[in-house]
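See below for the structure under consideration.
Read-outs: derived from the displayed coordinates by stated rules, not from any lab. The structure presented is a predicted model; accordingly, all values stated were derived computationally and were not measured. Here Cβ is always computed from backbone atoms with ideal geometry, including for glycine, and neighbour counts include all displayed protein chains.
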Amino acid sequence: MLANTTPTDWVSVGVFGAFTVAVLVLSSLLGRRASSAKGYFAAHGQIGWFVNGIAFAGDYLSAASFLGICGLIAFWGYDGFLYSIGYLAGWIVALLVVAEPIRRLGKYTFADALNARFGSRLVTLAAAVSTLLVSLFYLIPQMVGAGALIKPLLGLPSWVGVGLVGVVVTVIVTTAGMVSTTWVQFIKGGLLLSLCAILAALILGRGFEVRAPGPAREAPARNVGSVVALPAWAIMEGPPGETANFAVDPDGLVRTEGARTGPLGPIDFLRVFSASDVAAWRTVSAKDDTGAVHSMATPETIHGDVLLQPGNSPTFRGLRSGSILDRVDFVSLMLALFLGTASLPHILIRYYTVSDVRSARLSTVVGIGAIGSFYILTLYLGLGAMTGGALDTSDSNMSAPLLARSFGSVLFALISSVAFFTVLGTVSGLVLAGSGAVARDLVITVLGRTPDDHAQVRIARIAALALGTCAMILGLLFKDLNASFLVGWAFNIAASANLPALLMALFWKRATKEGIATAIIVGLSSSLVWVLLSKDAFEKVYGLPGADAWMPFSQPALVTIPLGAVAGILVSLATRPRTQQV
Amino acid sequence: MGIAGTSTGFAPILRTVPDQPAARSSASTPDRHQHRRDWKRWALLSLYIAAYGGFIGVAVTAPALLATIVIGGINLAVVWGFALIVLAFVIALAALRLPEQG
């Protein structure tokens, strides 16, 4: 295991420790403002729009975005960037459709806005269960990311990372609520953007160099990934001290080791990559006679232009296979990413932290600018990791931190600490959303008890503790899966469970409480069952043959979003009060 | 879309929220303004859906087209992907000029 071979890097330990202490001190100081329910759940609605906008980025740019997408691009090229495109697209739906009504109608939780017209216990119960399940599904990849980070950062096993995040987040959320969570997100979002911009600039400054990919080796293999041939026109200089005089092969490519491009601009970087041959690493696993599983990592030379098209990864390979179901699976995932953002409870409750509708809109625009800038950078970070000789074939989630390590231990320590901070921030937001659903929706509305303000906060803190514990356990169970892949599932479930109900509640006069609750229950249960019985779950979670899966494709949104909507509409029409039947 | 149109039953119900008295001051003018501003909002959303849906459609039906080099030696997949990200920000800026929803 890597954890046993990585020596402790004391610079990393120092930076990491400083970040963690800073977060805890900040939480402690801001905790005084969170004694009331409005302070704990909504930061008194006094967060400025710019701070909230960057905090949106902090909430949204989770382990999936930073670790997961960079890892997918580093191994499969453009396929990881598809997630960047889809994640950002979802913000248009949030901005143009739900941001303003949510701010106007809601108070503390997702259910508040959904139930503003109805005051129904049934709707609140359905929304609370949906919030809890979606938050839990979204928590899993964050914990997986935390476990992946702690290995190269501190040389410790992944369970330590998961445990550390669980403990620190629980302290943050239980002590200070939305005020500290917002400021943690703001600082983290700003730091993540700044450091990724620096990392991208360093990648462009380094350019490409021809290196032998090395032999196939038993996985996990580290420090691999290279450009094996560059187009002759791109060669700008030789190795230090040598004259640039490289042999050009008949196909116009230079394969002499040490040939390098020198610094490249953003467009030239992509152009040169596109015209180069790249060693992309593939891992094959097989059982021996004793049943032991052996994994072999092998370099496969692929032309850059192919890597900059969709369809290389197992998830999206169907785009080139000609299989209709594989293409439907792709469309379904992209639909889930587009509609999922506006359905994520931990994103929606951030609209309650600003003072008015205009601030909600302004903060969304700031968020889109920050998040979009980051997603453009992900392509450069991923391709830089793929070609920079800093991959770990056993864990795609480690690509970005290991890329930073190739530029020195200080940058590695900073990037890893900010990435860990990223996980902390996102998990804090998710735990807060989930604890709010328990304290406000389940206890007050469903159980019919109305504890005083301080008791509500106390219940929410206990719920945060329980959620944090669940997230730690699940993070360990799913630790071998790519973070962004897991978030794809969370988006499917969120979009199926929440979006039809939200649109009906906000825009359809004939919607009834029974219809809204039905839309949530049908969307939630159908998408959950679909995901758990899908080919991806069989292969990647249960370790069973994908052919045994019950569902025809893995991403359910294309079926389960309309299913929830139709069920909600039919039940609304059937339960309409007679006075409305014109 | 049908969501914003009143005739289909998908009226923007937020018009009746008490903190929006201007929306109730007149029977016809607010509806006209409502319709116009909703038209712009849905037009922006439709524009993005067309760009995003078009990308997905090409990826599914004619993936080879995405390999076409279009600008500066960069293929259509990358250019379209970047364009979608930039377009999202442009639409967000344009949305700042819209009147408040509902």
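A few notes on this one:
- Angle between chain A longest axis and helix A:357-387 axis [Cα atoms, degrees, rounded to 10]: 30 degrees
- Structural descriptor for chain A: relative contact order 27 percent, calculated from alpha carbon pairs under 8 angstrom and at least 6 residues apart.
- Percent of beta bridges antiparallel (DSSP, the protein assembly as shown, rounded to nearest 5): 95 percent
- With at most 14 other Cβ atoms within 10 Å, longest stretch of chain A clear of loop GluC sites (Glu not before Pro) (DSSP): A:258-582
- Sorted into 20 angstrom bins from 0, the C-alpha pair distances of the protein assembly as shown split as 19, 53, 25, 3, 0 percent.
- CD proxy at 222 nm, helix term only [per DSSP H run n ≥ 4: -39500 (n - 2.57); per residue of chain A; nearest 500]: -20000 deg cm²/dmol
- Alpha-carbon radius of gyration plus Dmax, which is the widest Cα pair, for region A:80-153 in Å: 16.6, 51
- Two-site FRET efficiency, A:ASP452 against A:GLN46, from Cβ-Cβ distance with R₀ of 25 Å, rounded to 0.05: 0.65
- Net lengthening on full extension, A:VAL13/A:ALA547 (0.36 nm per residue, minus Cα-Cα): 187.7 nm
- Pairwise Lys count, the protein assembly as shown - Cα closer than 20 Å, eight or more residues apart or different chains: 6
- Label positions at B:ALA83 and A:ILE198, each projected 7 Å from the Cα along the C-beta direction, are separated by 3.5 nm.
- Region A:180-216 and region A:252-293 have Cα centres separated by 19 Å.
- Label sites at A:MET296 and B:ALA64, each approximated as a point 7 angstrom past Cα along Cα to Cβ, lie 3.4 nm apart.
- Theoretical FRET efficiency, 1/(1+(r/R0)^6), r = Cβ-Cβ of A:THR469 and A:ILE444, R0 41 Å, to 0.05: 0.95
- The alpha carbons of region A:444-582 stretch over 55, 44, 20 Å along the principal axes, in descending order.
- Part-to-part distance (alpha-carbon centres) for region A:487-538 and region A:84-131, which is given in Å: 12 Å
- Near the amide H of A:PHE118, within less than 5 Å, lie no amide hydrogens of residues on another chain or at least 5 residues away, with H placed in the peptide plane.
- Neighbourhood charge, 15 Å Cβ-Cβ cut-off, centred on A:SER135 and excluding it, Lys, Arg +1 and Asp, Glu -1: 0
- Tensor-based shape of region A:197-356 (alpha-carbon gyration tensor, a/c under 1.5 rounded, otherwise prolate or oblate): oblate
- For residues of A:272-284, the mean tally of beta carbons on other chains within 10 Å: 1
- Around the amide H of A:ALA229, modelled in the peptide plane, lie the amide H atoms of A:ASP277, all under 5 Å away and 5 or more residues distant in sequence or on another chain.
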